[in-house]
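Shown next, in structure tokens, is the structure this report addresses.
The values are calculated or read from the model by the stated rules, or taken from the named source; none is laboratory data. Because the structure is predicted, anything quoted here is derived from the model rather than measured. Don't worry about glycine lacking a Cβ; one is built from the backbone with ideal geometry, like all the others, and counts go over all protein chains shown.
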Amino acid sequence: MKTKHFILFLVIAACFSACTPKIIFNEALRNNLDLKQIKPEKLQFYIDRSIDMRREIASNSTKISGGKIEYYKGKNVQILNIKELTPGICLRSTDSTLDIAFESNNELYLTFKKIKSPDLDVKIYMLDGFKNEEGNFFVNYGGVSYQIDEKAAEAKILIKRKIANKENVNVKKIKGRKVS
């Protein structure tokens with residue numbers, strides 16, 4: 001009897017764990033939300049993976065805006081870390097970009113650009129970075145270039161599934177019309 005209850009518990013737990021509460025924000029989802037007049041600036045976003053942003057600090061520079069400073073190979077290095085599923089808000093949006101802030105300072109944000117997904121047949125919003133001649137990936141954050149690793153360059157934004165499925169239904173009861 002206990003074995004049957006345990007198996008039933010495992011099956012139920014597996015069903016709930018298979019349902020992810022967050023989904024990738026994509027073009028079709030955005031179009032659907034636009035039709036419901038839900039703007040990106042009103043949504044809670046999350047980053048889908050951890051990102052470490054690194055930059056070298058000149059030794060005579062004393063102003064550090066955030067993160068931690070490490071002494072690495074004789075150089076001062078600033079490291080900013082955004083953990084997986086960190087919540088963020090949309091500061092600005094265009095049809096092809098979203099500026100998402102994960103800190104209270106509105107000057108510090110990451111831009112996500114709409115691109116065709118390499119895995120899926122849909123356009124998604126992916127971290128807008130660039131690759132230099134040496135093959136290193138960089139991203140702009142607060143007007144400063146930070147180096148990121150290749151996996152971080154593929155970061156996407158998520159929203160809660162229940163927001164994506166939110167219905168905006170207006171019901172109007174029509175009473176009819178009589179001949180006068």
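Tabulated values for the structure
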item	result
Residue list for region 43-66, restricted to those being among the basic types (Lys, Arg), surrounded by 11 or more Cβ atoms within 10 Å (Cβ to Cβ) and either at pLDDT below 90 or within 19 Å of residue 114 (Cβ to Cβ) (or both)	49
Residues of region 26-60 that turn out to be without any contact (Cβ under 8 Å) to a residue 40 or more places away in the chain and within 25 Å of residue 145 (Cα to Cα), as a count	5
Condition met for residue 123 (of a type in the set (Lys, Arg), in contact (Cβ under 8 Å) with a residue 24 or more places away in the chain and under 27 Å from residue 23 (Cα atoms))	yes
Sole residue being under 30 Å from residue 76 (Cα atoms) and of a type outside the set (A, V, I, L, M, F, W, C), chosen from 95, 121, 149	149
Residue check for residue 135: farther than 19 Å from residue 43 by Cα and out of contact with any Lys or Arg (no Cβ under 8 Å at 6 or more places or on another chain)	yes
